[in-house]
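For reference, the structure is listed below as structure tokens.
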Amino acid sequence: MAPQESTFHEANLGAMPIRDLGLTIEGTRLEPVVAEFQRELAAAGIRKLRPRFYLSTEWGVAFNTVGIAIPFYLARPDLTAIHAERNGHIEGLGPIDILRYLRHEMGHVVNYGYRLYDEAEWVNLFGSITQPYVEDYRPAPFSRRYVRHLPGWYAQKHPDEDWAETFAVWMTPGVDWREEYADRAAALSKLSYCARTMQGIAEREPIVTSTEPDEDVAQIPYSVDQFYRNLADGPAEFPVGIDGALRAIFDELGPEESGTTPILKRRSAAELIRRNERTMLANIYKWTGHFPERTRVLVRHLAERAGTLNLVYPEDREVPAMVALTTLVTALAMNHVHRGSYLP
């Protein structure tokens, strides 16, 4: 592709309807990962239940189907780059991460395919699947009642997610879940149930076989730009004192040296925050459950305020600066997770 054609392509990609992008799993980096996952299914003894894999707007399995939706932006590097720029967090950054999400989604496939959620023991261990599905769940980090597979203590979101996370841990090659969860009786009971159940249904045909997709990529009429506009969060209320907290962080890193000591080069605090945005989003979600979409709004607000205040730091103090910034964002994130607001 000539340089001018490449520029035209990048400039117009966002305006194209997603259905016109010609996206498929075949022939992309996703194809060998899906093939590897199918080998994992066979190794785990799952041969009767064959999920359909298709591209959509996000990871998921529609209720009472056995089709796994994979985010369309993972099918092409340019779309992945756009997602990283617009959203800041990628669920499936590489093959290992994609396999992690596939194992989780396969848990839903098994649950729906065999209607495990109707069984008394399933309900006793995980809860009722009719329990309201609340997006803004409030996890208890390091709870001994749940396994941990996806970031954000995701098993605590809903009984269906608790099962899917338990299944994913059971299915993950090389994981000795009996040893890892030996001191967590509740989580171990769920894993033992999963192991028994999967052995019992190994030769059974699934009850549900529908692979009807939920928003297949070939049917999405809106553009890439519109997709990200729809994802954008509204304005957030930030606590009074953000400016003071930022000043405290960067003032404590030390004043400029003078006299016989050389003056160290000063770097922009705003640039530091922007440069480390993706890392902060991923790690704060992993350990707090604060959604990356919200953390992105918070982090970008901090970067804007740091720029307005002209905050800087000595170049040799970057690590302490990032530790302090991450601690601040984590504290605000935990406040939001447990109170529903950054405000006290």
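Each value in this text was obtained by applying a stated rule to the coordinates, not by laboratory testing. Just so it is clear, the structure is predicted and the values come from calculations on it, not from any experiment. Reconstructed Cβ throughout: ideal geometry from the backbone, glycine too, with neighbour counts over all protein chains shown.
Side notes on the structure shown:
- Shown in residue order for the stretch 53-65 are the 3J(HN,Hα) couplings computed by the Karplus curve 6.51 cos²θ - 1.76 cosθ + 1.60 at θ = phi - 60°: 10, 8, 8, 8, 8, 7, 5, x, 9, 5, 4, 6, 9 Hz (x for Gly and Pro).
- About its Cα centre, the dipole of the stretch 3-227 is roughly 760 debye, where the only charges are +1 on Lys and Arg Cβ and -1 on Asp and Glu Cβ.
- The Cβ shell under 9 Å around Thr197 holds other residues with a net charge of -1, Lys and Arg each +1, Asp and Glu each -1.
- Considering only the chain, percent of DSSP beta bridges that pair antiparallel, nearest 5: 50
- Taking amide H as placed 1.01 Å from N in the peptide plane, Val312 has its amide H under 5 Å from the amide H of Ala269, each at least 5 places away in sequence or on another chain.
- Lys/Arg +1, Asp/Glu -1 at C-beta; the chain dipole; positive extreme among Val33, Phe227, Pro151: Pro151
- Loop-resident chymotrypsin sites (Phe, Trp or Tyr not before Pro) (DSSP state other than H, G, I, E or B) in the stretch 137-241 with no more than 12 further Cβ atoms inside 10 Å of their Cβ: Phe142.
- Taking amide H as placed 1.01 Å from N in the peptide plane, Arg52 has its amide H under 5 Å from the amide H of Gly67, Ile68, each at least 5 places away in sequence or on another chain.
- The trypsin sites (Lys or Arg not before Pro) of the stretch 38-92 that DSSP puts in a loop, and whose beta carbon has at most 11 other beta carbons within 10 Å, are Arg47.
- For the stretch 174-209, trypsin sites (Lys or Arg not before Pro) meeting the loop criterion (DSSP other than H, G, I, E, B) and having at most 11 other Cβ atoms within 10 Å: Arg204.
- Neighbours of His104, meaning other residues whose beta-carbon lies under 15 angstrom from its beta-carbon, give a summed charge of -3 when Lys and Arg score +1 and Asp and Glu score -1.
- Under 5 Å, built H, 5+ apart or other chain: amide partners of Gly60: Ala69
- Global form of the stretch 234-339, assessed from the alpha-carbon gyration tensor, a/c cut-off 1.5: prolate
- Dividing the summed -39500 (n - 2.57) terms of all DSSP H runs of n ≥ 4 by the residue count of the chain sets its mean residue ellipticity at 222 nm at -15500 deg cm²/dmol.
- Residues in the stretch 193-198 carry Karplus couplings, in order, of 4, 4, 4, 5, 5, 5 Hz; the curve used is 6.51 cos²θ - 1.76 cosθ + 1.60 with θ = phi - 60°, and Gly or Pro positions show x.
- Dipole check for the stretch 234-339: with +1 at the C-beta of Lys and Arg, -1 at the C-beta of Asp and Glu, and the Cα centre as origin, the magnitude is about 420 Debye.
- Pairs of alpha carbons in the stretch 36-111 separated by more than 14 Å make up 61% of all such pairs.
- Against the chain, whose longest principal axis is taken from its Cα atoms, helix 30-43 shows a tilt of about 50°.
- Karplus-derived 3J(HN,Hα) values for the stretch 12-26, using 6.51 cos²θ - 1.76 cosθ + 1.60 with θ = phi - 60°, are 9, 4, x, 8, 6, x, 4, 5, 8, 7, x, 7, 9, 7, 4 Hz; glycine and proline are entered as x.
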